[in-house]
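Asks: Got a structure for you, written out below as C-alpha cells; questions coming shortly.
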Amino acid sequence: MARGVQRQPGATRTTTRSRRRARDRDNDGIIPILARAVRDVEAAAERGPLTPSIRTEFQVIALLVREERARVKTDDSTSDTYRTEQLKRLDGIATILAKVAARDASLLALLAEDAVIGDAARSLKRDMLIAAGLEPRADEVTTSAPAPATATTKRQVVPQSVVSRQLANPFLAPDFASVGPSEPRPRRLAGWELIGPLLNSFEYAADGASACMALPEASSLRAPDGLELMPHQAQLVAAAESGHRNFLLADEPGLGKTAQALLAAQAANAYPLLVVVPNVVKTNWAREAGRWTPAHPATVVHGDGDTIDGFAEIIIVNYELLDRHIGWLGDLGFRGMVVDEAHFIKNKKSQRSQHVRQLSEQIRARTVRPLLMALTGTPLINDIEDFRAIWQFLGWIDEKKPGAELMESLEETGLTPADPGFSVAARAGVIDLGIVRRRKAEVAADIPARRVADLPVELDGAVGRSIRDAERELADRLVSRYESALEARTSGVVAHGIDHDLVRRVAGWELADTATAKSSENVFSMIRRIGQAKAGLAADYAAQLARSVGKVVFFAKHVDVMDFAEQAFTERGMRYSSIRGDQTGKQRQKNIDAFTNDPDVSIAVCSLTAAGVGLNLQVASNMVLAELSWSAAEQTQAIDRVHRIGQAEPVTAWRIIAAQTIDTRIAELIDSKAGLAARALDGSDEEVGSAADVQLEALVSLLTDRLSTSL
C-alpha cells in the first residue's frame, strides 16, 4: 500500500512564514504604488485625450520606474531571484507606459533625458515616495508641497484670475440676510431610525401618485429676444421667484432643464453660481447661459483654469476637475450650486460625490437658504439608495437623520414609522421639499413634435490641437491660392476688401483638387477626423440618454466611429443593435427586431447613409447624431427613422458639434439649407441646396473668416 509523503510540522510552519514574508515584501515599497498609479493612467488613456494632471502622473511613474530599476540592480542585500522578480514587475509597469505612449506620441517627450520636471511632477513624486514609506531626497521637498496624500491625488490649483477676484473683494462674509429653520427638537420621532423608512416610502408608497411638488402658475417672465419659455419651464422659475430654493429637477431629457436652472438662479439672484456638469456638456452650458441669462457672464474651467474669467457670475466645471479646484471653489462665496446629471454622484464613496457634497456643505454654511439644484432625468438607476447622495447634496438629510425642514414636516404628520400612513406622508413630505418630475407625454403641448438640439463639445488634448492645426493648414492653403489668383490678374481690376466672387472660385478649385491633394489636409479628411475625435463624447452622451429614457438611436457616418461607439457600449455593459450597409437583409432585420422588441437592447448604432432610409425605429424618441451629414436632407431622413407614424412622443435629435472648429460652420449651413427646403415645400421658388453646396460654402466661410482677420 503506497504511503504518502509526510511533512514535518515545523517545515510547514517555516514555509508558511516564508511565503507570508514574501507577500508582505511584495506589497511594500514603491512598486505597488506605481502599479496602482499606472492602471489609473491606462484607464484615463482609454477614456480619451489625457489631461495635464494625467500627463504629469505618466512622467512621474516613468521617473520612479527608472530610479527603482537602477536601485534594484545594484542592491546586493537581496537574492538574485528576488531582484529578477522585482525587475519583472517593473517591466510590466513599463510595458503599460509604452502602450499609453503609443496612443499619444506627445508623451514620449516627457521621457527624454532633458525633459522639464515641473513643480506638479516634483510634488506628486514626493507624495508617491511618502506613500511608499520612503524618504524623499532633500531636493524633492519643497516648502509649498501639499500635505502627504495618496499616490493618485492630483494637485490643487488657484487660477490667477481667481486670486485677482479674491484680492478685489477680500471680505466674503457669510450671508445671514434671512433666517432659515432652526434645528427642531425631535418629539415623537426621537429614537426612530428615519432614513430607511423615507427611502422605502418611494418604493412602496407611490401607489400611482405623482412625484412632483405643487408648482405655481407659469409666471409672465420675459425670455431674451428670440427665445420662448415653455409653460412647464416657467412654472419652475415661478417657484424660485416665490422663494423655493431646493430642487431635484428630474424632468425627462429634452424638456429644457438647463434653461430652467439658469433662469431659476436669475430669479433667486443666486450669484455667483457654481455649475458642476459632465465634461461632454460643459461647453453647451456656457452657450445656454449666454442665451438665457446674457446679463450674467459665464466661464468654463479647463485644466488648471488658466483661461477662466475669475470675475464671472457663473462658474462651470466638470466633475473630473473638482479635485484640482475644490480649494478655491469652496472659498469663493457661491450663493447657488447646480449639479447636472446628478446621478453621477449616487456612489457616496466616489471622489466626485464627496467633492460635490463638500461644496454643498460649504455653501450652506456661508449662505442661508442658497439655491441648490440637482438635475437628472434618472434619479434612480440601480435602487432606491441612489437617492441618498442627492438628498445629502440638497441638505434634506445627513448621514444619520433628516435635515431640519424635513424633520419638522415629519413631526407635523403626527405619525411614526410604525403607523400605516407614515410612508405616504413621508413621501409627500420629501416631494414637497422640491422634487419636480415631468414626462414628455405630460407636457407634449409645450414642446415641438420634433427638434434638433445642438450639444457643443470641446476637443481637448493632442487630438484637439491636431485638428485645429489641420484647419489652419487648410485655411492657409486657401489664402495662398486666393493671393496667387489676385496677383495673376491681367484685367487691371483692383478689388477693395475681399473679392467674394474670387473667394467662391478658390473654394471651388479646392473642392475640384481634393481628390489629388493626398499629402495635405482637405475638408473631407478633416471632418472625418473630427468625427473620430467626437466619437467617445457622443457615445458617452448616448449611454447617459439610454439610462435616462430608455431606447436611443445613435447615428454615425463612418464605420470607425460606429466601431468605437459599439466598443464603448460593450465596456459599459450596454446591449446594442448594429445596423450597417454591409449586412445581409436577414441580418439587418434581425438587428432591427432586437432593438424594437428586446427591452434589454437599449441602443441602435446606425450608419447615417445605410440606415437613414427605409427603417422604422419609432420605439425610441431620442437620437444622437455623432457626425454631421453634408446635407440637410440626409439629416432629416435620419431623424425621420424615429419621427414617423406610430411615434407617441416628441422626438429630440441631439447633434454633437465640435466647438471652435469647421464643424460649427457646417452645422449652421445645414440648418440654413433645411430652412430653404422647408420654404420650397411651402411653395417658394428658391432652389434647395445640395451636399456639394454645403461643402463649397464651408470652404467659402473658412476662407472669408481668415481673410477678414488679416485685413
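Asks: Mind listing just one residue for me: the one in the range 626-639 that is over 23 Å from residue 564 (Cα atoms) and either among the polar types (S, T, N, Q) or modelled with pLDDT of 80 or more (or both) and, of those, surrounded by the most Cβ atoms within 10 Å (Cβ to Cβ)? First the steps, then the outcome.
Replies: Taking the range 626-639 and keeping what is over 23 Å from residue 564 (Cα atoms), we get 631-633, 636-637.
The next check asks that each one be either among the polar types (S, T, N, Q) or modelled with pLDDT of 80 or more (or both); those that pass are 631, 636-637.
Numbers: 631: 22, 636: 19, 637: 18.
Only one residue fits best here, namely 631.
Asks: Continuing with the same structure: What single numbered condition from (1) surrounded by 15 or more Cβ atoms within 10 Å (Cβ to Cβ); (2) under 30 Å from residue 463 (Cβ atoms); (3) modelled with pLDDT under 85 fails to hold for residue 130?
Replies: (2)
Every residue, every condition in (1) assigned to a helix (DSSP H, G or I); (2) at pLDDT 85 or above; (3) closer than 30 Å to residue 463 by Cα, yes or no:
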{"position": "609", "(1), (2), (3)": "no, no, yes"}
{"position": "620", "(1), (2), (3)": "no, yes, no"}
{"position": "641", "(1), (2), (3)": "no, no, no"}
{"position": "648", "(1), (2), (3)": "no, no, no"}
{"position": "656", "(1), (2), (3)": "no, yes, yes"}
{"position": "677", "(1), (2), (3)": "yes, no, no"}
{"position": "684", "(1), (2), (3)": "no, no, no"}
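Asks: Taking the conditions exactly as written (at pLDDT 80 or above and either over 24 Å from residue 277 (Cβ atoms) or out of contact with any helix residue (DSSP H, G or I) (no Cβ under 8 Å at 6 or more places or on another chain) (or both)), does residue 470 satisfy them or not?
Replies: On the way: at pLDDT 80 or above: yes; either over 24 Å from residue 277 (Cβ atoms) or out of contact with any helix residue (DSSP H, G or I) (no Cβ under 8 Å at 6 or more places or on another chain) (or both): yes.
Against the criterion (at pLDDT 80 or above and either over 24 Å from residue 277 (Cβ atoms) or out of contact with any helix residue (DSSP H, G or I) (no Cβ under 8 Å at 6 or more places or on another chain) (or both)), residue 470 qualifies.
Asks: Give the range 346-356 a look and list any residue that's buried (at least 20 other Cβ atoms within 10 Å of the Cβ) and either among the acidic types (Asp, Glu) or at pLDDT 90 or above (or both), or say none.
Replies: Within the range 346-356, 353, 355, 356 qualify.
Asks: Test residue 283 against the criterion of being outside the structural domain of residue 548 (by TED's automatic domain parsing) and at pLDDT 90 or above, and give yes or no. If you could, list the steps in order and put the result at the bottom.
Replies: Numbers: outside the structural domain of residue 548 (by TED's automatic domain parsing): yes; at pLDDT 90 or above: no.
Taking the combined requirement at face value, the residue does not satisfy it.
Asks: In addition: Identify the single condition in (1) over 17 Å from residue 375 (Cβ atoms); (2) surrounded by fewer than 19 Cβ atoms within 10 Å (Cβ to Cβ); (3) under 21 Å from the mean Cα position of the chain (by Cα) that residue 294 does not satisfy, given that it satisfies every other one.
Replies: In the conditions (1) over 17 Å from residue 375 (Cβ atoms); (2) surrounded by fewer than 19 Cβ atoms within 10 Å (Cβ to Cβ); (3) under 21 Å from the mean Cα position of the chain (by Cα), residue 294 misses (3) alone.
Asks: Also, quick follow-up: Report whether or not residue 119 is charged (D, E, K, R), more than 22 Å from residue 68 (Cβ to Cβ), at pLDDT below 60 and not assigned by TED's automatic domain parsing to the domain that holds residue 431. Can you show your working first?
Replies: On the way: charged (D, E, K, R): yes; more than 22 Å from residue 68 (Cβ to Cβ): yes; at pLDDT below 60: no; not assigned by TED's automatic domain parsing to the domain that holds residue 431: yes.
No; evaluated as a whole, the condition is false for this residue.
Asks: Checking residue 454 against (1) under 17 Å from residue 193 (Cα atoms); (2) outside the structural domain of residue 239 (by TED's automatic domain parsing): exactly one of these is not met. Which one?
Replies: (1)
Asks: Only one residue in 307, 299 is within 26 Å of residue 223 (Cβ to Cβ), out of contact with any Ser or Thr (no Cβ under 7 Å at 6 or more places or on another chain), in the same structural domain as residue 375 (by TED's automatic domain parsing) and of a type in the set (Ser, Thr, Tyr), so which one is that? Steps first, please.
Replies: Details: 307 fails: within 26 Å of residue 223 (Cβ to Cβ).
Only one candidate qualifies: 299.
Asks: Quick one: would you say residue 594 is in contact with a helix residue (DSSP H, G or I) (Cβ under 8 Å, 6 or more places away or on another chain), over 27 Å from residue 437 (Cα atoms) and outside the structural domain of residue 377 (by TED's automatic domain parsing)? Working first, answer last.
Replies: Numbers: in contact with a helix residue (DSSP H, G or I) (Cβ under 8 Å, 6 or more places away or on another chain): no; over 27 Å from residue 437 (Cα atoms): yes; outside the structural domain of residue 377 (by TED's automatic domain parsing): yes.
It is false that residue 594 is in contact with a helix residue (DSSP H, G or I) (Cβ under 8 Å, 6 or more places away or on another chain), over 27 Å from residue 437 (Cα atoms) and outside the structural domain of residue 377 (by TED's automatic domain parsing).
Asks: Could you grab me the full set of residues in the range 441-457 that are modelled with pLDDT under 80 and surrounded by 18 or more Cβ atoms within 10 Å (Cβ to Cβ)?
Replies: We begin by selecting, within the range 441-457, every residue modelled with pLDDT under 80; these are 441-450.
Of everything in the range 441-457, those that are modelled with pLDDT under 80 and surrounded by 18 or more Cβ atoms within 10 Å (Cβ to Cβ) turn out to be 443, 446, 447.
Asks: Report yes if residue 565 is in the same structural domain as residue 626 (by TED's automatic domain parsing), part of a helix (DSSP H, G or I), modelled with pLDDT of 90 or more and crowded, with 22+ Cβ neighbours inside 10 Å, otherwise no.
Replies: Values: in the same structural domain as residue 626 (by TED's automatic domain parsing): yes; part of a helix (DSSP H, G or I): yes; modelled with pLDDT of 90 or more: yes; crowded, with 22+ Cβ neighbours inside 10 Å: yes.
Answer is yes for this residue.
Asks: Return a yes/no flag: does the range 240-249 have any residue that is surrounded by 20 or more Cβ atoms within 10 Å (Cβ to Cβ), of a type in the set (Lys, Arg) and more than 25 Å from the chain's Cα centre (by Cα).
Replies: Yes: the range 240-249 contains one or more residues that are surrounded by 20 or more Cβ atoms within 10 Å (Cβ to Cβ), of a type in the set (Lys, Arg) and more than 25 Å from the chain's Cα centre (by Cα).
Asks: Go through (1) within 34 Å of the chain's Cα centre (by Cα); (2) modelled with pLDDT of 75 or more; (3) assigned to a loop (DSSP other than H, G, I, E, B); (4) small (Gly, Ala, Ser) one by one and return the number of the condition residue 164 breaks.
Replies: The number of the failed condition is (3).
Asks: Could I ask something else about it? From the set of residues in the range 543-562 that are crowded, with 24+ Cβ neighbours inside 10 Å and touching a helix residue (DSSP H, G or I) at 6+ places or on another chain (Cβ under 7 Å), which is farthest from residue 377 (Cα to Cα)?
Replies: Of everything passing the filter in the range 543-562, 561 is farthest from residue 377 (Cα to Cα).
Asks: Right, another one. Please give the number of the condition residue 338 fails out of (1) surrounded by 18 or more Cβ atoms within 10 Å (Cβ to Cβ); (2) of a type outside the set (Lys, Arg); (3) touching a Pro at 6+ places or on another chain (Cβ under 9 Å).
Replies: It fails just one condition, (3).
Asks: Now for a separate question. Would you check which residues across the range 34-53 are closer than 16 Å to residue 94 by Cα and surrounded by 19 or more Cβ atoms within 10 Å (Cβ to Cβ) and list them? Before you say what the answer is, go through the steps one by one.
Replies: Applying the first criterion (closer than 16 Å to residue 94 by Cα) to the range 34-53 yields 34-43, 45.
Across the range 34-53, the qualifying residues are 34, 37, 38, 41, 45.
Asks: Okay, next question. Applying the selection to the range 272-298, what residues are outside any helix (DSSP H, G or I), within 19 Å of residue 355 (Cβ to Cβ) and touching a helix residue (DSSP H, G or I) at 6+ places or on another chain (Cβ under 8 Å)?
Replies: Hits for the range 272-298 are 273, 274, 275, 276, 277, 278.
The values are calculated or read from the model by the stated rules, or taken from the named source; none is laboratory data. Everything quoted here is computed from the prediction, not taken from an experiment. For neighbour counting, all protein chains shown are included, and Cβ atoms are generated from backbone atoms with ideal geometry for every residue, glycine included.
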